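The values are calculated or read from the model by the stated rules, or taken from the named source; none is laboratory data. The structure presented is a predicted model; accordingly, all values stated were derived computationally and were not measured. A quick note on method: Cβ atoms are made from the backbone with ideal geometry, for glycine too, and the neighbour counts reach across all protein chains shown. Protein only, heavy atoms only, side chains kept; ligands, DNA and RNA dropped before computing areas. Shrake-Rupley method; radii C 1.70, N 1.55, O 1.52, S 1.80 Å.
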There are 2 protein chains.
Amino acid sequence: VISLNGHSPKRTIAVDAMGGDHAPEEIVKGAVEAHRQGVDVVLVGRIDEVRHHLSALRADLPVVDATDVIGMDEPVTSGLRRRRSSLQVAAELASSGEADGVVSCGNSAAIYFVAFSEWGTYPGIDRPAFGALLPCRNGQVLVLDVGANTIVKSSNLLQFAIMGEVYMKLAHGIATPRIALLSNGSEDSKGTKEIKEANEALRRLSVNFVGNIEGNHVFEGQADVVVCDGFSGNVLLKSGEGVVHEIFREMRKELSRDPLSKLAAAALRPAFVRLKRRLDYEEYGGAPVLGVDGVMINCHGRSKARAVTNAICLADRMVQQNLVERIGDALHHEGTETHHRRIRLRRALHLRASEV
Amino acid sequence: VISLNGHSPKRTIAVDAMGGDHAPEEIVKGAVEAHRQGVDVVLVGRIDEVRHHLSALRADLPVVDATDVIGMDEPVTSGLRRRRSSLQVAAELASSGEADGVVSCGNSAAIYFVAFSEWGTYPGIDRPAFGALLPCRNGQVLVLDVGANTIVKSSNLLQFAIMGEVYMKLAHGIATPRIALLSNGSEDSKGTKEIKEANEALRRLSVNFVGNIEGNHVFEGQADVVVCDGFSGNVLLKSGEGVVHEIFREMRKELSRDPLSKLAAAALRPAFVRLKRRLDYEEYGGAPVLGVDGVMINCHGRSKARAVTNAICLADRMVQQNLVERIGDALHHEGTETHHRRIRLRRALHLRASEV
């Protein structure tokens with residue numbers, strides 16, 4: 001691979017070996033497979049445990065020791081206090097140039113926090129966003145923000161739209177992603193003040209803005225990027241996930257009610273497996289933190305090896321295709337960049353603390 | 001039935017015969033069946049059309065003529081301009097005492113608007129809310145608000161909680177409804193300023209407040225009443241509906257891929273019908289407008305006769321059980337009533353117009 005912009009032609013992805021429900025075993029397996037597929041990987045975690053799983057796989061990958069792990073349910077600020085967490089150390093490898101991107105299946109709040117505080121925003125960006133890829137009719141839809149920013153300004157929504165557009169072009173090869181604003185009605189008059197302002201402003205940009213969208217139309221696949229505040233994005237993401245889970249639960253009950261149902265259900269097993277796989281959020285591993293000065297890909301906490309491999313290969317492609325710079329260029333091109341210097345969450349928090 | 005509070009022992013429900021995708025035929029059918037079950041009904045709509053369907057059913061019910069119909073996609077203010085719409089006339093019958101409650105399968109924005117402008121809020125209530133009953137594990141959950149109030153104050157959320165509690169007690173016989181606040185995390189620290197304030201305040205009331213809830217846990221049935229602003233409520237409602245729709249669509253595709261699948265699917269048809277019915281929002285006809293000075297029940301626009309009958313019987317029970325007064329009493333008991341006089345949307349709009 002020939003680099004186009006001065007990056008080393010061979011990239012390295014730092015993988016948080018300790019984050020996720022199946023860490024470190026499945027993470028190590030996924031990393032080994034990604035390496036087989038040609039991606040340079042460095043594993044970060046408790047060195048003995050990680051090496052144990054590597055040797056079980058008769059594989060040899062570089063490992064960087066990190067003694068600490070951020071739990072899946074720890075508060076977001078753990079990232080700040082836990083200086084030797086595998087996630088923090090992985091992010092630092094990217095800061096120091098020893099790695100080019102990071103993949104973690106850990107606590108998503110901590111992932112956002114560490115990316116923001118360690119790398120800061122990319123110049124021109126006001127607030128980074130957490131994107132999530134959801135299954136929808138005929139494909140996937142990127143929803144952002146899904147939790148990082150409870151409250152947003154219309155200028156944040158504009159930046160989310162552009163970041164999402166660039167990501168769907170690069171990560172999913174969609175030439176002209178359709179961008180929509182999540183609202184409580186498809187009319188331009190619907191939504192909060194911020195949504196109405198963003199709707200007006202998006203019409204003036206060169207993105208393919210298809211207007212406001214309601215939750216049901218998101219799953220009908222009417223847009224490739226759905227832009228929203230992190231609160232409604234979280235509601236959309238979690239309710240979708242909840243409904244899928246409950247339907248399969250009900251279906252299992254219905255299909256085991258009597259011997260005939262059981263028999264018929266057995267015949268349909270391959271169909272159900274395909275359906276479940278298609279709807280399973282886990283399969284869509286690879287939620288990016290967008291707007292930070294680095295490539296950070298978050299897999300679902302339940303990810304197994306295959307999802308981890310996918311996420312590592314995705315991170316590798318995003319580094320190769322200069323996701324971060326391309327976002328900066330697009331914001332500049334649309335005239336929607338924020339005119340301030342890079343913000344680091346750590347510094348922002350420090351300033352706020354000193355104001356008290 | 002002996003009335004406990006001076007209402008006439010026999011109640012009359014005014015039914016908007018023209019609202020909904022299957023109006024007037026299915027509405028008339030549903031009303032005739034409700035009448036057979038002992039509810040006094042008056043149908044409101046284009047008298048010739050309504051009588052035609054009545055005579056086809058060899059039934060005789062009182063009909064009040066209303067020449068106009070509010071379309072399903074008309075803007076909300078249509079209710080104000082269309083003085084002879086079937087919905088408006090039905091609400092006026094309740095104002096004048098000729099009816100005790102109203103049922104409509106029409107445009108839900110117009111339903112809210114007409115109830116608010118014609119009847120006003122019940123004294124002590126700041127903002128009415130639109131409730132929706134969603135299917136969830138082991139039952140149903142009332143979500144409110146689902147669209148009337150895009151922005152809310154914490155005091156509105158408190159009133160929604162109490163209104164929802166009273167409704168679930170009366171309409172669904174739940175002795176101690178579990179009340180939750182929709183948020184982007186179950187911790188008390190999650191959510192907007194308004195949610196945090198409401199969380200704190202709800203802990204001081206005598207309602208059974210179970211804390212913050214995320215979208216997935218709503219469908220797991222962790223609460224009986226989910227309180228939120230109308231924007232997130234709409235996102236929750238619509239995304240749930242969208243996911244159910246898409247899963248069934250995918251399933252139909254999967255189950256018709258090959259002859260064996262088709263055969264097995266045919267054997268499972270009763271199971272799928274049960275599942276679909278259980279998840280179908282239509283079956284949960286009966287979304288109340290709460291906080292207005294009257295009983296207004298909105299059915300899904302796609303409702304057929306059975307859902308209409310259910311909604312009419314529900315409205316009848318709510319009148320009989322004094323829903324409106326019981327909500328007022330509960331707000332007073334909890335000390336959460338608003339100390340202003342009854343508000344009518346029409347008057348509020350008029351005042352705003354005259355300020356300009």
- Sort out which residues of the stretch A:172-185 are open to solvent by 10 Å² or more (accessible area, probe 1.4 Å) and away from chain B (no Cβ under 13 Å), and write them in order of number. A:HIS172, A:GLY173, A:ILE174, A:ALA175, A:THR176, A:ARG178
- Message: Quick test for you: out of A:VAL64, A:VAL1, pick the one residue that is at pLDDT 90 or above, surrounded by fewer than 24 Cβ atoms within 10 Å (Cβ to Cβ) and among the β-branched types (Val, Ile, Thr).
- Response: A:VAL64
- Task: Report the residue count in the stretch B:238-255 for those that are open to solvent by less than 60 Å² (accessible area, probe 1.4 Å) and more than 7 Å from chain A (Cβ to nearest Cβ).
- Result: 1
- Here the residues within the stretch B:193-233 that are at pLDDT 95 or above and of a type in the set (Ser, Thr, Tyr) are B:SER232
- Is it the case that B:LEU158 is more than 14 Å from chain A (Cβ to nearest Cβ) and either modelled with pLDDT of 95 or more or closer than 24 Å to A:VAL243 by Cα (or both)? yes
- The lone condition A:ASP188 fails out of (1) surrounded by 23 or more Cβ atoms within 10 Å (Cβ to Cβ); (2) part of a loop (DSSP other than H, G, I, E, B); (3) not hydroxyl-bearing (Ser, Thr, Tyr) is (1)
- Task: For the stretch B:12-48, name all the residues that are open to solvent by 30 Å² or more (accessible area, probe 1.4 Å) and in contact with a helix residue (DSSP H, G or I) (Cβ under 7 Å, 6 or more places away or on another chain).
- Result: B:GLU25, B:GLU26, B:LYS29, B:GLU33, B:GLN37
- Task: Working carefully through the options B:VAL114, B:VAL146, find the one that is within 14 Å of another protein chain (Cβ to nearest Cβ), at negative phi and aliphatic (A, V, I, L, M).
- Result: B:VAL146
- Query: Just a yes or no: is a residue in the stretch B:262-284 part of a helix (DSSP H, G or I), open to solvent by less than 10 Å² (accessible area, probe 1.4 Å) and more than 7 Å from chain A (Cβ to nearest Cβ)?
  - Reply: no
- Within the stretch A:313-329, restricting to residues that are assigned to a helix (DSSP H, G or I) and open to solvent by 20 Å² or more (accessible area, probe 1.4 Å), the one that is farthest from A:TYR122 (Cα to Cα) is A:CYS313
- Quick one: B:ASP145 ticks every box in (1) of a type in the set (D, E, K, R); (2) surrounded by fewer than 23 Cβ atoms within 10 Å (Cβ to Cβ); (3) under 11 Å from the mean Cα position of the chain (by Cα) except a single one, so which number is it? (2)
- Task: Just give me the residues in the stretch A:198-224 being more than 15 Å from B:VAL244 (Cα to Cα), surrounded by fewer than 21 Cβ atoms within 10 Å (Cβ to Cβ) and within 14 Å of chain B (Cβ to nearest Cβ), in sequence order.
- Result: A:GLN222
- Query: Does A:ARG51 count as basic (Lys, Arg) and either surrounded by fewer than 19 Cβ atoms within 10 Å (Cβ to Cβ) or on the phi > 0 side of the Ramachandran plot (or both)?
  - Reply: yes
- How many residues of the stretch B:225-236 are more than 7 Å from every other protein chain (Cβ to nearest Cβ) and assigned to a helix (DSSP H, G or I)? The answer is 1
- Item | Residue in the stretch B:285-312 that is modelled with the highest pLDDT, counting only those that are surrounded by fewer than 20 Cβ atoms within 10 Å (Cβ to Cβ) and touching an Asp or Glu at 6+ places or on another chain (Cβ under 7 Å) | B:ALA305
- Message: Take B:ARG317 and tell me if it is among the charged types (D, E, K, R) and in contact with a His (Cβ under 8 Å, 6 or more places away or on another chain).
- Response: no
- Message: Checking the structure you have, find out if any residue of the stretch B:72-85 is under 19 Å from B:PRO288 (Cα atoms), of a type outside the set (Phe, Trp, Tyr), open to solvent by less than 50 Å² (accessible area, probe 1.4 Å) and modelled with pLDDT under 95.
- Response: yes
- Item | Residues satisfying the stated conditions in the stretch A:20-62, i.e. touching a strand residue (DSSP E or B) at 6+ places or on another chain (Cβ under 7 Å) and without any contact (Cβ under 8 Å) to a residue 24 or more places away in the chain | A:ILE47, A:ARG51, A:PRO62
